[in-house]
Amino acid sequence: MIRSYQKSDFEQLAFVWSLAFRAGNPYEITEDLVGKETETFVMECDKKIVGGYRIHKMTASRFEQHISCGGIAAVAVLPEARTEGAGEKLMKHALHELHKRKTPLSTLYAFKESYYRKFGWECIGNPLNITCQSHVLPKLQPSLPIQTITSENYKKIRPAYEGFCKLYNGLNMRTERWWEKLFVNKENPAHILVAGSPPQAYAIVSFTQDFWVNQPINEFVWSSMEGYNAIIAMFKKIGINRTSVSWMEPSDSPFLARFKNPGVEVSMNRTIMLRVVHVQEAFQSIKTRHQGNFKIKIIDNELKQNEGPWLVEFENGTVKCSPHTSADFEMDIKTFSQAYMGEPSFQSLYKMGLITCNNEDALTHAENLFPSRACICLDYF
């Protein structure tokens, strides 16, 4: 049986999560096990809790909109109950719970992506980790003033983050709780480098104690190229007594477009997985300046309610989605989730043969509703 968490479950669920996430180190009774803006579920077998998971209340940016999203986290099962289908039952419960609530989207970070693909989640975006040797960092003359502020003043940078959300898909519009999570490490407190007033970019940095090592940047965000250049100029200064500086950017990285050189290393960063949970709500959450229509069928083995076929009509900024009897397109839920968010794009997925089409005239309409855009998520949960 899977049910909502109760206070009396603390000891047993804390034991499950301590084994999965804390190397067996126990939770203190004073700790908030379930957290704010979350809902926790437990799996009970013979009056013993053998697993659990958590749903975070989140959003995902999509072309200046913020779509309601459930972030799945802390999925864990006792070692003796593993490989017997307990994890699968937890994931299916999460899907049906979110669909029942008409939550359009769900995101998660996977321990192994292939496992969650079985339930319809798929990777979106290709975030990059850039490590640049200090002597290779470009010498720029920023046009914006820079100031360093402490984490207690984080509210000053929220406009820059909100501007970043308008440039990229997949970002969570942070509440106070999400902002506070960025600064929980008191042993090595983070400082914020802010470009411009009002802020047009920022970088959150926990400075290393040692010289001539890599200096990681916790988070780098910009809402204008002026702000971006100003922070890159600061990386040069930060790196003056460091071997290198590293940070994350979306796949359309401005740094790689303009400053790629020997001494710059690029690797794939951790990628978030996303799933459309409620197809009708996902369509009707879209705001668009285009007009058109098409019919679509979506293969969803876990949520047959999503399959359709659906008639999708859009004009005057709104999208309607209603049941139909035929389809111009057919794709599985993983492909649809990627096309919905824009990376990989609808067009590229079609070229890969992951979308079948029997009405070429509908292609343009669908591409207008599913334009390409780089995806990234900066929140870990």
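Answer with yes or no whether S223 is surrounded by fewer than 18 Cβ atoms within 10 Å (Cβ to Cβ) and in contact (Cβ under 8 Å) with a residue 24 or more places away in the chain.
Taking the combined requirement at face value, the residue does not satisfy it.
Select, from I49, I72, the only residue that is touching an Asp or Glu at 6+ places or on another chain (Cβ under 7 Å) and in a strand (DSSP E or B).
Exactly one residue qualifies, and that residue is I49.
Could you grab me the full set of residues in region 146-187 that are open to solvent by less than 50 Å² (accessible area, probe 1.4 Å), more than 19 Å from the chain's Cα centre (by Cα) and either farther than 22 Å from I238 by Cα or aliphatic (A, V, I, L, M) (or both)?
Once the filter is applied, which keeps residues that are open to solvent by less than 50 Å² (accessible area, probe 1.4 Å), more than 19 Å from the chain's Cα centre (by Cα) and either farther than 22 Å from I238 by Cα or aliphatic (A, V, I, L, M) (or both), region 146-187 yields I149, I157.
Results for (1) free of Cβ contacts under 8 Å to residues at least 40 places away in the same chain; (2) surrounded by 13 or more Cβ atoms within 10 Å (Cβ to Cβ); (3) touching a strand residue (DSSP E or B) at 6+ places or on another chain (Cβ under 7 Å); (4) not in a loop (DSSP other than H, G, I, E, B), shown as yes or no for each residue.
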| residue | (1), (2), (3), (4) |
| --- | --- |
| F10 | yes, yes, no, yes |
| W17 | no, yes, yes, yes |
| G24 | yes, no, no, no |
| V42 | no, yes, yes, yes |
| I55 | no, yes, yes, yes |
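All but one of (1) closer than 20 Å to T59 by Cα; (2) part of a helix (DSSP H, G or I) hold for P371; state the number of the condition that does not hold.
Going through (1) closer than 20 Å to T59 by Cα; (2) part of a helix (DSSP H, G or I) one by one, P371 breaks only (2).
Go through the residues of region 349-362 one by one and say whether even a single one is surrounded by 17 or more Cβ atoms within 10 Å (Cβ to Cβ), touching a residue at least 24 places away in the same chain (Cβ under 8 Å) and outside any strand (DSSP E or B).
yes
Which one of these is more than 21 Å from I124 (Cβ to Cβ) and either among the basic types (K, R) or at pLDDT 95 or above (or both): N241, N316, N301, N306?
After ruling out the rest, the residue left standing is N241.
Mind listing just one residue for me: the one in region 285-295 that is farther than 20 Å from A327 by Cα and of a type in the set (D, E, K, R) and, of those, surrounded by the fewest Cβ atoms within 10 Å (Cβ to Cβ)?
By that ranking, first place goes to R289.
I'd like the full set of residues that are closer than 25 Å to T175 by Cβ and more than 27 Å from the chain's Cα centre (by Cα), limited to region 29-49.
Across region 29-49, the qualifying residue is only T30.
Yes or no: region 273-296 includes at least one residue that is hydrophobic (A, V, I, L, M, F, W, C) and out of contact with any helix residue (DSSP H, G or I) (no Cβ under 9 Å at 6 or more places or on another chain). Give the derivation first.
Here is the first cut: in region 273-296, the residues hydrophobic (A, V, I, L, M, F, W, C) are 273-274, 276-277, 279, 282-283, 286, 294, 296.
From the residues that got through so far, the ones that are out of contact with any helix residue (DSSP H, G or I) (no Cβ under 9 Å at 6 or more places or on another chain) too are none.
No, the conditions are met nowhere in region 273-296.
Output the residues belonging to region 296-309 that are surrounded by fewer than 21 Cβ atoms within 10 Å (Cβ to Cβ) and in a strand (DSSP E or B).
K297, I299
Report yes if S246 is in a strand (DSSP E or B) and loosely packed, with under 14 Cβ neighbours inside 10 Å, otherwise no.
no
How many residues are under 20 Å from the mean Cα position of the chain (by Cα) and without any contact (Cβ under 8 Å) to a residue 24 or more places away in the chain when one looks only at region 233-254?
Result for region 233-254: 0.
Need pairs with beta-carbon distance below 7 Å; first residue more than 18 Å from C69 (Cα to Cα) and within region 156-174, second open to solvent by less than 10 Å² (accessible area, probe 1.4 Å) and of a type in the set (S, T, Y); sequence gap 6+ or separate chains.
Here the result reads I157/Y202; A160/Y202, each pair linking region 156-174 to a residue that is open to solvent by less than 10 Å² (accessible area, probe 1.4 Å) and of a type in the set (S, T, Y).
Confirm whether F381 is over 26 Å from N129 (Cβ atoms) and either of a type in the set (F, W, Y) or within 18 Å of the chain's Cα centre (by Cα) (or both).
no
The values are calculated or read from the model by the stated rules, or taken from the named source; none is laboratory data. Note that the coordinates shown come from a computational prediction; the quantities given were computed from them, not determined experimentally. Reconstructed Cβ throughout: ideal geometry from the backbone, glycine too, with neighbour counts over all protein chains shown. Note: areas computed on protein heavy atoms with side chains; ligands, DNA, RNA excluded. Shrake-Rupley method; radii C 1.70, N 1.55, O 1.52, S 1.80 Å.
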